[in-house]
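The values are calculated or read from the model by the stated rules, or taken from the named source; none is laboratory data. The shown structure was predicted, so the numbers you read here are calculated from the model rather than taken from an experiment. Reconstructed Cβ throughout: ideal geometry from the backbone, glycine too, with neighbour counts over all protein chains shown. What goes into the accessible areas is simple: the full protein's heavy atoms, side chains included, and nothing from ligands, DNA or RNA. Shrake-Rupley method; radii C 1.70, N 1.55, O 1.52, S 1.80 Å.
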Amino acid sequence: MFTPRYVKHSKLLVRHARKFLRYKRDIMDTETYDAIAGDIWRLRAGLKQRDKKQIESRAEELDAKLHQLMPVTWESHWRENCEVILVAIVVAVGIRSYFLQPFKIPTGSMQPTLNGIIGHPMTAPPPNILQQVAEFILRGRNYISVVSREDDEVLQIQRQKFFFFFTWSRIICEHQKFLVYCPPEQLGSDFRVSPGIRYRRGEVIARGAVDTGDQVFVDKFSYNFVKPHRGDVFVFRTRNIPDIGDQTQFYIKRLAGLPGDRLRIEPPRLYVDEKVAEGYGFERVMSAKDGYRGYGPGHLVLSDPHKEFQVPAHTYFAMGDNSYNSFDSRWWGPVPERNLVGRGLFVYWPFIPHWGIVR
């Protein structure tokens, strides 16, 4: 870091010039080859002597000759830029496919460990634009304010995707339409907006804040070499799970049971092989504090506190930390081993309140 810039530039120039000679040696005439090789030798000698003026003058001579042999054209700039972009895309796709995949928490089944999309109805108008920008960066919070321009009735709410990532809602009324940065589910459950509701002119249809779900990096690499651990927060595909309606989704839950484990729920506790489940994640849920409510009874399995469920071979039992509001293995059974994607590693955005390693 303490090397002068002209020395760094000259060393880089020497390296490129030697590479150029190797590439062009078979088609270059002897006179030109010897001239470039001589300039390289003289520049290297100047570098050894640490003479600034000598280094700069010889570097300029070598650079000028190389430019004569390799004139810079607009095509070369475009070619280099395209190569850089292509390499960046290939690297990004490779990392996403085999190492780290970004995943957005869509629902509240893991709250308060991981937040899904949450709507906060408000009566006051949104804050000033600077505060909105700051809250969006730090909290992933977006403000909405939809006011009816005339007496009207909501006919339907359509989901719209932008850039395959951002989910909006189009509220279609008889005489007007609104595009809102909030998923239809939250408009219905948190803001009570649904087809059939009538609004008068000037009446608020939806107003408040919408917190985006936590954005998590999923480690897709580790499970190729080590078995999943009980207590992992893991992501899996819903394919081949018959009792889940849409089998093209990804779910994120806590791994509550390994193959062969005998599970039982006696609210608020989860028992594994007749012992209270151990681990930071389980203990936090069972404490029924700080937003946690403990483990609740299941539907298809774990509905009876006196009966155990044994996890079949090559499957894993998934449960949400928000047990009373989680659609998980208690409803549709264990997750096949081939469905596993990876474990939740790191919340990279928003920065408040869960930024950091997922536990």
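Just so you know, in segment 242-274 the residues that are among the hydrophobic types (A, V, I, L, M, F, W, C), open to solvent by less than 60 Å² (accessible area, probe 1.4 Å) and farther than 25 Å from residue 305 by Cβ include one that is farthest from the chain's Cα centre (by Cα), and it is 244. Among the conditions (1) in contact with a Gly (Cβ under 9 Å, 6 or more places away or on another chain); (2) farther than 18 Å from residue 308 by Cβ; (3) among the small types (Gly, Ala, Ser), the only one that residue 277 does not satisfy is (2).
When segment 324-359 is filtered for residues that are in contact with a Pro (Cβ under 8 Å, 6 or more places away or on another chain), within 17 Å of residue 257 (Cα to Cα) and outside any helix (DSSP H, G or I), the ones remaining, listed by number, are 334, 340, 343.
One residue stands out in segment 299-323 among those that are of a type in the set (Asp, Glu) and more than 16 Å from residue 260 (Cβ to Cβ): the one that is most open to solvent (accessible area, probe 1.4 Å), namely 304. I want to confirm something. Restricting to segment 275-295 and keeping residues that are open to solvent by 60 Å² or more (accessible area, probe 1.4 Å) and basic (Lys, Arg), which single residue is nearest to residue 111 (Cα to Cα)? Looking at the filtered set, the residue picked out is 293.
Would you confirm whether any residue within segment 79-94 is of a type outside the set (Phe, Trp, Tyr) and either under 30 Å from residue 285 (Cα atoms) or surrounded by 15 or more Cβ atoms within 10 Å (Cβ to Cβ) (or both)? No, segment 79-94 contains no residue that is of a type outside the set (Phe, Trp, Tyr) and either under 30 Å from residue 285 (Cα atoms) or surrounded by 15 or more Cβ atoms within 10 Å (Cβ to Cβ) (or both).
Report whether or not residue 55 is modelled with pLDDT of 85 or more, assigned to a helix (DSSP H, G or I) and within 30 Å of residue 140 (Cβ to Cβ). It is false that residue 55 is modelled with pLDDT of 85 or more, assigned to a helix (DSSP H, G or I) and within 30 Å of residue 140 (Cβ to Cβ).
Contact map, segment 221-237: first residue on the phi < 0 side of the Ramachandran plot, second residue β-branched (Val, Ile, Thr), Cβ cut-off under 6 Å, separation 6 or more or different chains; pairs are 233/358; 235/218; 235/252; 235/341; 236/335; 236/341. Scanning segment 182-220 for residues that are in contact with a Phe, Trp or Tyr (Cβ under 8 Å, 6 or more places away or on another chain), among the hydrophobic types (A, V, I, L, M, F, W, C) and open to solvent by less than 50 Å² (accessible area, probe 1.4 Å) yields a count of 7.
Considering only segment 163-181, I want to know if a residue exists there that is among the polar types (S, T, N, Q), surrounded by 12 or more Cβ atoms within 10 Å (Cβ to Cβ), under 18 Å from the mean Cα position of the chain (by Cα) and in a strand (DSSP E or B). Checking segment 163-181: at least one residue is among the polar types (S, T, N, Q), surrounded by 12 or more Cβ atoms within 10 Å (Cβ to Cβ), under 18 Å from the mean Cα position of the chain (by Cα) and in a strand (DSSP E or B). Looking at 76, 97, just one residue is assigned to a helix (DSSP H, G or I), among the polar types (S, T, N, Q), open to solvent by 30 Å² or more (accessible area, probe 1.4 Å) and modelled with pLDDT under 90, and that residue is 97.
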